[in-house]
Amino acid sequence: MRTPRELGVRAEAMLADLAAFTDGEDNLTRLYLSPAHRAAADRVALWMRDAGLDVALDPLGTVRGRLKPTAPGRAGNRRLLIGSHIDTVVNAGRYDGMLGVVAGILAVEEIRARGIDLPFGVDVLAFGDEEGVRFPTTLISSSAVAGRVVPSDLDARDSDGVALRDALVIFGGDPETVASATYARDEALAYLEVHIEQGPVLEAEGLPLGIVTSIAGQSRFLIAVTGEAGHAGTVPMALRHDALAASAEMMLTIEEVARAGSTHQMVATVGRLTAKPGAVNVIPAEVAFTLDIRADADAPRLAAIAELEVRLQSIATRRGVSVTIDKFYESPTTPCAPRLQDALADALCDLGLAERRLASGAGHDGHAMHHLTDVGMLFVRCRGGISHNPAEFAAIDDMGLAVEALVKAIERLATDAASSGDRT
Ligand code: HGY
Ligand code: MN
Ligand code: MN
């Protein structure tokens with residue numbers, strides 16, 4: 001039985017190992033189905049095997065480590081799912097996602113080492129596409145586990161024109177057997193995920209861990225503005241149809257609308273922009289930019305989107321350009337199950353920690369897993385709330401406490417299952 005400190009030291013070492021698997025020149029960038037994703041998946045598979053798990057790679061590239069029930073009861077055919085993602089954003093930190101997979105593996109090692117009786121099985125899942133950076137999809141590997149992937153989803157193409165289904169084959173996945181990744185509803189007992197908070201609340205309150213109440217809904221759009229190319233030196237300002245100037249006014253309007261929604265924790269981000277033809281002396285004719293908008297509830301987010309659709313169109317009309325607003329992803333606000341929140345709260349109480357409950361502004365695989373089973377999440381304090389940034393950092397002691405809390409929460413679910421024998 002390892003102490004939380006020893007568990008944290010081991011977690012940090014595993015995360016350092018994983019951070020070496022990158023497609024980036026001098027940073028951590030590991031996109032779905034890339035060579036670095038494959039190498040990281042193989043390392044996770046090795047750790048799962050060493051932890052005594054039966055390991056498999058599912059058709060979408062999820063690495064699954066399976067622990068059989070140690071004391072099969074009537075819940076013996078059910079399994080607790082624990083996971084997170086091992087893909088990253090560009091120039092990422094080493095904790096976002098990977099910590100949840102490492103914590104799951106360490107928790108299973110502790111359960112076996114401590115001889116804890118489990119009336120149900122445990123699957124540790126390392127998903128490969130949570131960030132949705134490479135393909136215009138997101139959560140596709142956890143969505144497959146939840147039975148929410150349709151064949152056309154695999155037609156998505158990356159910026160090099162590579163279809164997801166082709167990248168899957170190169171990776172070692174199988175686009176023809178996607179359905180075999182799906183769990184039966186009565187097989188999944190619950191889904192638990194450990195994740196860094198990616199926000200400032202726990203640090204500001206001096207707390208190492210927190211319990212997630214809900215995962216913010218989000219909508220993502222591709223906005224295309226079409227104007228008219230022209231000579232930078234000869235077209236008077238009043239006669240221009242400048243797609244980039246129009247886009248700039250639209251972005252400031254997006255910012256204004258999001259600021260107005262601050263009471264609902266509303267945030268809006270333009271993360272990627274292209275402008276053509278992209279010459280210094282040509283008035284931009286075509287601009288495309290992404291919009292990611294979120295809030296703590298669905299209604300205010302959808303109202304803000306409706307307002308923006310009207311206002312961006314009005315800007316386009318006044319400036320003599322055209323605009324299209326195409327949604328390519330949307331996930332409603334996902335609630336975390338009270339029974340799982342309570343199991344995590346009991347675990348924190350056992351550890352003498354406050355049971356701080358808070359919402360997640362970041363999206364997670366729980367958005368997809370919620371369609372299969374109840375979702376519970378445990379947040380770990382991260383320095384400055386920084387994430388999606390190489391400065392991302394979680395302390396060894398906090399990570400060790402998170403693993404210990406996960407073990408205790410699993411024990412609590414095992415006790416519930418053993419006493420009730422079916423649902424926990
Ligand atoms: O965008 C998100 O919230 C998550 O990190 N993919
Ligand atoms: Mn994440
Ligand atoms: Mn992320």
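Answer with yes or no whether Ala146 is away from ligand 3 (no atom under 16 Å from the Cβ) and in contact with an Asp or Glu (Cβ under 7 Å, 6 or more places away or on another chain). Spell out how you get there, then give the answer.
On the way: away from ligand 3 (no atom under 16 Å from the Cβ): yes; in contact with an Asp or Glu (Cβ under 7 Å, 6 or more places away or on another chain): no.
Against the criterion (away from ligand 3 (no atom under 16 Å from the Cβ) and in contact with an Asp or Glu (Cβ under 7 Å, 6 or more places away or on another chain)), Ala146 does not qualify.
Given the structure, is Glu249 touching a Lys or Arg at 6+ places or on another chain (Cβ under 8 Å) and either assigned to a helix (DSSP H, G or I) or closer than 17 Å to Ala368 by Cβ (or both)?
yes
Being within 16 Å of ligand 2 (Cβ to nearest atom), in the same structural domain as Thr226 (by TED's automatic domain parsing) and either polar (S, T, N, Q) or modelled with pLDDT under 95 (or both) is true for just one of Thr269, Thr290, Thr274. Which residue is that? Can you show your working first?
On the way: Thr290 fails: within 16 Å of ligand 2 (Cβ to nearest atom); Thr274 fails: within 16 Å of ligand 2 (Cβ to nearest atom).
Answer to the check: Thr269.
List the number of the failed condition for Gly83; all other conditions in (1) without any contact (Cβ under 8 Å) to a residue 12 or more places away in the chain; (2) crowded, with 17+ Cβ neighbours inside 10 Å hold.
With respect to (1) without any contact (Cβ under 8 Å) to a residue 12 or more places away in the chain; (2) crowded, with 17+ Cβ neighbours inside 10 Å, Gly83 is out only on (1).
Restricting to the stretch 356-369, give me the number of residues that are surrounded by fewer than 24 Cβ atoms within 10 Å (Cβ to Cβ) and more than 13 Å from ligand 1 (Cβ to nearest atom).
3
If Ala184 passes every condition in (1) in contact with a Gly (Cβ under 8 Å, 6 or more places away or on another chain); (2) more than 30 Å from Ala303 (Cα to Cα) but one, which one does it miss?
Unmet condition: (1).
Anything in the stretch 173-200 that is in contact with a helix residue (DSSP H, G or I) (Cβ under 7 Å, 6 or more places away or on another chain) and surrounded by fewer than 15 Cβ atoms within 10 Å (Cβ to Cβ)? List them, or say none.
Pro200
Kindly indicate whether any position in the stretch 102-114 is touching a Ser or Thr at 6+ places or on another chain (Cβ under 7 Å) and surrounded by fewer than 24 Cβ atoms within 10 Å (Cβ to Cβ).
Within the stretch 102-114, none of the residues are touching a Ser or Thr at 6+ places or on another chain (Cβ under 7 Å) and surrounded by fewer than 24 Cβ atoms within 10 Å (Cβ to Cβ).
Could you grab me the full set of residues in the stretch 110-133 that are more than 15 Å from ligand 2 (Cβ to nearest atom) and touching a residue at least 60 places away in the same chain (Cβ under 8 Å)?
The answer is Glu110, Ile111, Arg112, Ala113, Arg114, Ile116, Asp117, Leu118, Pro119, Phe120, Val122, Val124.
Looking at Val162, Val149, which one is of a type in the set (A, V, I, L, M, F, W, C) and surrounded by fewer than 21 Cβ atoms within 10 Å (Cβ to Cβ)? Spell out how you get there, then give the answer.
Values: Val149 fails: surrounded by fewer than 21 Cβ atoms within 10 Å (Cβ to Cβ).
When all the criteria are applied, what remains is Val162.
Against the definition (surrounded by 24 or more Cβ atoms within 10 Å (Cβ to Cβ), modelled with pLDDT of 95 or more and over 21 Å from Ala11 (Cβ atoms)), how does Gly61 come out, yes or no?
Yes.
Condition check: surrounded by fewer than 16 Cβ atoms within 10 Å (Cβ to Cβ), touching a strand residue (DSSP E or B) at 6+ places or on another chain (Cβ under 9 Å) and among the acidic types (Asp, Glu). Does Asp42 satisfy that?
Values: surrounded by fewer than 16 Cβ atoms within 10 Å (Cβ to Cβ): yes; touching a strand residue (DSSP E or B) at 6+ places or on another chain (Cβ under 9 Å): yes; among the acidic types (Asp, Glu): yes.
It is true that Asp42 is surrounded by fewer than 16 Cβ atoms within 10 Å (Cβ to Cβ), touching a strand residue (DSSP E or B) at 6+ places or on another chain (Cβ under 9 Å) and among the acidic types (Asp, Glu).
Checking Glu355 against (1) outside the structural domain of Gly230 (by TED's automatic domain parsing); (2) at positive phi, which single condition isn't satisfied?
(2)
Pick from Leu308, Leu244, Leu291: which is touching a residue at least 40 places away in the same chain (Cβ under 8 Å), buried (at least 16 other Cβ atoms within 10 Å of the Cβ) and closer than 28 Å to Leu358 by Cα? Spell out the reasoning first.
Details: Leu308 fails: closer than 28 Å to Leu358 by Cα; Leu244 fails: closer than 28 Å to Leu358 by Cα.
Selected residue: Leu291, the only one of Leu308, Leu244, Leu291 that is touching a residue at least 40 places away in the same chain (Cβ under 8 Å), buried (at least 16 other Cβ atoms within 10 Å of the Cβ) and closer than 28 Å to Leu358 by Cα.
Would you check if there is a residue in the stretch 100-123 being within 16 Å of ligand 1 (Cβ to nearest atom) and in contact with a Phe, Trp or Tyr (Cβ under 8 Å, 6 or more places away or on another chain)?
no
Could you name every one of the strands (runs of 3 or more DSSP E) located completely within the stretch 312-424 that has at least 2 residues being among the small types (Gly, Ala, Ser)?
Per the criteria, 322-331, 357-360.
The values are calculated or read from the model by the stated rules, or taken from the named source; none is laboratory data. As the structure is a prediction and not an experimental result, all values here were calculated from the model. Cβ sites come from the backbone with ideal geometry, for glycine too, and all protein chains shown count toward neighbours.
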